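Derivation of every value follows stated rules applied to the coordinates shown; laboratory data play no part. Everything quoted here is computed from the prediction, not taken from an experiment. Reconstructed Cβ throughout: ideal geometry from the backbone, glycine too, with neighbour counts over all protein chains shown.
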Amino acid sequence: VQLQASGGGLVQAGGSLRLSCAASRRTFNSFTVGWFRQAPGKDREFVATITWGGDSTYYADSVKGRFTISRDNAKNTVYLQMNSLKPEDAAVYYCAADPPSGVVITHPDEYDYWGQGTQVTVSS
């Protein structure tokens, strides 16, 4: 499965961005998908995850209430809507996919497939 993340850019604090993660294969629709981010000098950090049916989502406390993860399986795409962005949200954002396991996956080592990352910059 090849993943392509897009939608990053420069936004002012308080603004919004929507990231997209498009997959090359339809089997992606059965995968759990997660978003992670990595700021310079920091470890890759879990942001959000969604199950294949979209009925179960899980968020990091730092983004809960501001970010929303969703998916459109007809388009083989998962989205991350980011609202009320803060300077501390600035990072390279990555999407990742893993075959369904029935459990919430928040550790990056548990994901088998990764996109190339998209830069999000938030100005204060």
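Pop a pseudo-label 7 angstrom from the Cα along the beta-carbon direction at both E88 and S16 and give the gap in nm to one decimal.
2.3 nm
With +1 on each Lys and Arg Cβ and -1 on each Asp and Glu Cβ, how big is the dipole of the chain about its Cα centre, in debye rounded to the nearest 20? Show your work: numbers first, answer last.
On the way: 11 positive and 11 negative charges, 80 e Å.
Roughly 380 debye for the chain.
From largest to smallest, what semi-axes in whole angstrom does the range 10-86 give when each is the square root of 5 times an eigenvalue of its alpha carbon gyration tensor? Write down the numbers at each step before the final one.
Values: eigenvalues 100, 36, 31 Å².
For the range 10-86, the ellipsoid semi-axes come out as 22, 13, 12 Å.
So what is the relative contact order of the chain, in percent, for Cα pairs below 8 Å that sit 6 or more residues apart? Intermediate values should be presented prior to the final figure.
Values: 308 pairs, mean separation 45.5, N = 124.
With pairs under 8 Å counted, the relative contact order is 37 percent.
Once each part is reduced to its C-alpha centroid, what is the distance from the range 103-124 to the range 1-66 in angstrom?
6 Å
Give the lysines whose C-alpha is closer than 24 Å to that of K64, dropping any in the same chain fewer than 8 places away, or say none.
Here the lysines satisfying the reach criterion relative to K64 are K42, K86.
List the relative contact order of the range 1-74 as a percent without decimals, with contacts defined as Cα pairs under 8 Å and 6+ residues apart.
Working: 89 pairs, mean separation 15.0, N = 74.
After rounding, I find 20 percent.
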